Amino acid sequence: MPQIHFLDVTNRDGVQTARTGLSKFGKTMVNFYLGRLGVAQSEIGFPFLFHEVPYVRAQIALAEAGAFGDLRLSGWCRGVAQDVEKAVRVRAGDAGLAHYNLSISTSDYMLANKFRGRLDRTAIVREMVAAVRAAKTGGAETVGVNAEDGSRTDDGFLTEFALAAKEAGADRVRYCDTIGGDTPERIRERFAKLASAVGLPVETHCHNDLGLAVANSVSGALGDLEAGQDAWINTCVNGIGERSGNADLLSTILAFRHGFGLEGRAEFGDPIDLTWARRFALWASYAFGQPLPYNQVGAGRNAFAHESGIHADGALKDHGNYELYDEQTLGPFPDDWHTRAGRVVLTGEYGGKAGFRHVMDGLRIEPADEDLAFQLVQLCNAQTGRPLTDDELRLIAAYPHQLALLFPGQIP
């Protein structure tokens, strides 16, 4: 049976959202949580950018040390060979990124109004093929090719583009609903047709401009499955992303787990552990400075709240009367040290060794290297500008030598 995989793009599409941002340590925590959730792959960022290089090296080292479980790390590049050649040279020791997604626009609209005639269809295919070959030559195990504005690209050229990518060595094609205008029936039909014609999985990448990103992601994946191909679904935590956002990670997982009519049609290809779902969602809200809507699926304050007489009566008798799934499956809400009321001693940018040791002892954490972990707490707190969470402190304590790669030249 074909399988469903989740490829989260929070650390690429999510962090480039206007009026928001995340520190490099915050991006590291996204990978930590994705690994705990059992997500297949994280698009960790832009390895060809100079300010991402220390971060990318740290992620490679952390992955090698087991900090992210089985999570695969991938880099995003423009479909330009020179960018890819820069990216594959970024290494931590002998290891580099093993997975890439390479993006280039394919629609006639963008050819005319973005490239302004600089590239035509022949040039688009030529650039993309060169970029795929550069990635494979550089040691990439898998390469996905992104058809930006795929939803406005006609079937004929989309198929031509995908077949050329496959011949060059690409392993997947990403269909990008870049402006969020697709609808479920249309995208399902297009995915089934393209996956059948090309013989490769087609990734969903859906934006939420019409509020349909999750529905479109589910429908596109079903098209893949109908064609006998695995489905790869792009998501972001809490549905963040450019403009109105991307497909929400938790909502999409829950749709396949609990949506009516989906049972037996596909299976998860990765061991999804939703007991980390609330901790991730609430951490992301805190780290991004974006409060969760009360009605956020699964993690919002009202997701399992009942007040009206009929609903309250039914829920008190059996929560299944008015709840599709058990809230306990989503794990506990965070109860972090820094949120304690009254007298509390914290550790951070300006803290001393006594406060650091007090917090570590209180959380029953034994750092692998106490002096280095103390310095990292100061640096990470300076980078985030907010109190560190318990999970952040645990990651620092467990992997100080790998995390030190985030701060080249800054640790004595």
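The values are calculated or read from the model by the stated rules, or taken from the named source; none is laboratory data. Note that the coordinates shown come from a computational prediction; the quantities given were computed from them, not determined experimentally. Methodologically, a virtual Cβ is constructed for each residue, glycine included, from the backbone with ideal geometry; neighbour enumeration extends over all protein chains shown. Ligands, DNA and RNA are stripped out before the accessible areas are found, and what is left, the full protein with its side chains, is counted by its heavy atoms. Shrake-Rupley method; radii C 1.70, N 1.55, O 1.52, S 1.80 Å.
Quick test for you: out of Gln410, Gln383, pick the one residue that is open to solvent by 20 Å² or more (accessible area, probe 1.4 Å), polar (S, T, N, Q) and more than 23 Å from the chain's Cα centre (by Cα).
From the options Gln410, Gln383, the qualifying one is Gln410.
Provide a single number: the residues in the range 336-348 that are of a type in the set (S, T, N, Q) and open to solvent by 60 Å² or more (accessible area, probe 1.4 Å).
Of the residues in the range 336-348, 1 are of a type in the set (S, T, N, Q) and open to solvent by 60 Å² or more (accessible area, probe 1.4 Å).
I need a count of the residues in the range 336-388 that are farther than 19 Å from Gly26 by Cβ, touching a helix residue (DSSP H, G or I) at 6+ places or on another chain (Cβ under 9 Å) and of a type in the set (Lys, Arg).
So the count comes out to 2.
Looking only at the range 290-335, how many residues end up being among the β-branched types (Val, Ile, Thr), surrounded by 11 or more Cβ atoms within 10 Å (Cβ to Cβ) and not in a loop (DSSP other than H, G, I, E, B)?
Result for the range 290-335: 1.
If only one of Thr122, Thr142, Thr153, Thr137 is hydroxyl-bearing (Ser, Thr, Tyr) and buried (at least 23 other Cβ atoms within 10 Å of the Cβ), which one is it?
Testing whether each residue is hydroxyl-bearing (Ser, Thr, Tyr) and buried (at least 23 other Cβ atoms within 10 Å of the Cβ) leaves just Thr153.
In the range 104-119, what residues are assigned to a loop (DSSP other than H, G, I, E, B) and open to solvent by 50 Å² or more (accessible area, probe 1.4 Å)?
Lys114, Arg116, Gly117, Arg118
Scan the range 106-120 and report the pairs whose first residue is at pLDDT 95 or above and whose second residue is of a type in the set (A, V, I, L, M, F, W, C) and not in a loop (DSSP other than H, G, I, E, B), with Cβ atoms within less than 7 Å and a gap of 6+ or a chain change.
Thr106/Ile124; Thr106/Ala147; Thr106/Phe157; Thr106/Leu158; Thr106/Phe161; Asp120/Leu111
Given the condition at positive phi and without any contact (Cβ under 8 Å) to a residue 12 or more places away in the chain, answer yes or no: does some residue in the range 259-267 qualify?
Yes, the conditions are met somewhere in the range 259-267.
Mind counting the residues in the range 143-199 that are part of a helix (DSSP H, G or I) and not polar (S, T, N, Q)?
The qualifying residues number 29.
Considering each of Ala170, Ala147, Ala192, Ala162 in turn, give the residue that is crowded, with 23+ Cβ neighbours inside 10 Å and more than 21 Å from Gln41 (Cα to Cα). Walk me through it before giving the result.
Working: Ala170 fails: more than 21 Å from Gln41 (Cα to Cα); Ala147 fails: more than 21 Å from Gln41 (Cα to Cα); Ala192 fails: crowded, with 23+ Cβ neighbours inside 10 Å.
That would be Ala162, the only listed residue that is crowded, with 23+ Cβ neighbours inside 10 Å and more than 21 Å from Gln41 (Cα to Cα).
Quick check on my filter: what residues within the range 349-369 are over 13 Å from Leu403 (Cα atoms) and open to solvent by 60 Å² or more (accessible area, probe 1.4 Å)?
Listed by number, the residues that qualify are Glu349, Tyr350, Lys353, Ala354, His358, Asp361, Arg364, Glu366.
Surrounded by 24 or more Cβ atoms within 10 Å (Cβ to Cβ), in contact (Cβ under 8 Å) with a residue 24 or more places away in the chain and either of a type in the set (Asp, Glu) or assigned to a strand (DSSP E or B) (or both), is that true of Asp209? Even if it seems obvious, please write down each step before you answer.
On the way: surrounded by 24 or more Cβ atoms within 10 Å (Cβ to Cβ): no; in contact (Cβ under 8 Å) with a residue 24 or more places away in the chain: yes; either of a type in the set (Asp, Glu) or assigned to a strand (DSSP E or B) (or both): yes.
No: the conditions fail for Asp209.
I want to confirm something. Restricting to the range 231-252 and keeping residues that are aliphatic (A, V, I, L, M) and not in a helix (DSSP H, G or I), which single residue is farthest from Asp8 (Cα to Cα)?
Ala231
Yes or no, residue by residue, for (1) out of contact with any strand residue (DSSP E or B) (no Cβ under 7 Å at 6 or more places or on another chain); (2) among the charged types (D, E, K, R); (3) under 21 Å from Val214 (Cβ atoms):
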site: Asn146; (1), (2), (3): no, no, yes
site: Ser151; (1), (2), (3): no, no, yes
site: Glu160; (1), (2), (3): yes, yes, no
site: Leu163; (1), (2), (3): yes, no, no
site: Glu167; (1), (2), (3): yes, yes, no
site: Arg172; (1), (2), (3): no, yes, yes
site: Asp177; (1), (2), (3): no, yes, yes
site: Gly180; (1), (2), (3): no, no, yes
site: Leu194; (1), (2), (3): no, no, yes
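With the structure loaded, tell me whether Gly228 is more than 19 Å from the chain's Cα centre (by Cα), in the same structural domain as Pro201 (by the TED database) and in a helix (DSSP H, G or I) or whether it fails that test.
In short, no.
Kindly evaluate Ala255 against the criterion of being in a loop (DSSP other than H, G, I, E, B), out of contact with any Phe, Trp or Tyr (no Cβ under 6 Å at 6 or more places or on another chain) and farther than 24 Å from Leu388 by Cα.
No.
Within the range 8-50, can you find the residues that are under 17 Å from Cys77 (Cβ atoms) and either assigned to a loop (DSSP other than H, G, I, E, B) or not assigned by the TED database to the domain that holds Val202 (or both)?
Hits for the range 8-50 are Val9, Val15, Gln16, Phe46, Pro47, Phe48, Leu49.
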